[in-house]
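Only one structure is covered here, and it is reproduced in the block below.
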Amino acid sequence: MSVTTYVFGIQGAVLVLVVVIDLLRRQRLRERHAVWWLVAGVLALIAAVFPSTLEWAASLVGVEIPLN
């Protein structure tokens, strides 16, 4: 994985978290929906910071290539 891809993934995940928190603050997003967006943002951030977790999760469910 190139450094550009690594940095882009982290920035994208952080951007999702910032937008969700801002929408919550402005009361434009309900709490029950925000929980799922926050979970998705945190999981994306973990996958961006530790890309090997995708390979581990793929092997857990029996997928040979994580992109499938």
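The values are calculated or read from the model by the stated rules, or taken from the named source; none is laboratory data. All values reported here derive from a predicted model rather than from experimental measurement. When we count neighbours, we look across all protein chains shown, and the Cβ atoms used for this are built from the backbone with ideal geometry, even at glycine. SASA here: full protein model, heavy atoms, side chains in, ligands and nucleic acids out. Shrake-Rupley method; radii C 1.70, N 1.55, O 1.52, S 1.80 Å.
Structure remark: mean-square fluctuation, Gaussian network model of the chain, C-alpha springs under 10 Å; the largest value among 14, 39, 49 belongs to 39. Quick one: grab the alpha carbon gyration tensor of the stretch 15-68, order the square roots of its eigenvalues as a ≥ b ≥ c, and give me rounded if a/c is under 1.5, else prolate or oblate depending on whether a/b is larger than b/c. Verdict is prolate for the stretch 15-68. The apolar share of the surface of the chain, taken as the fraction of accessible area on carbon and sulfur atoms (1.4 Å probe, ligands and nucleic acids excluded), comes to 68 percent.
Largest accessible area first, the listed residues 64, 55 line up as 64, 55 when surface is computed with a 1.4 Å probe on the assembled protein chains. Among the trypsin sites (Lys or Arg not before Pro) found in the stretch 1-44, those both in a DSSP coil and sparsely packed, with 10 or fewer other Cβ atoms within 10 Å of their Cβ, are 26, 28, 30. Given their separation in residues at 0.36 nm each and the Cα-Cα distance between them, residue 56 and residue 23 gain 8.6 nm when the chain is fully extended.
For the chain, the solvent-accessible area works out to 84 Å² per residue, with a probe of 1.4 Å and every protein chain left in place.
Using DSSP H assignments, which helices in the chain have an axial alpha-carbon span of 24 Å or above and a mean Kyte-Doolittle hydropathy of -0.5 or higher? Taking the DSSP H segments of the chain (at least 24 Å long, mean hydropathy at least -0.5), we get 3-25, 31-49. Model label points for residue 46 and residue 34, set 7 angstrom from Cα along the Cα-to-Cβ axis, are 2.2 nm apart.
How far is it, in nm, from the label point at residue 64 to the one at residue 8 when both lie 7 Å from their Cα along the line to the Cβ? Placing both labels 7 Å along Cα→Cβ, they lie 2.7 nm apart.
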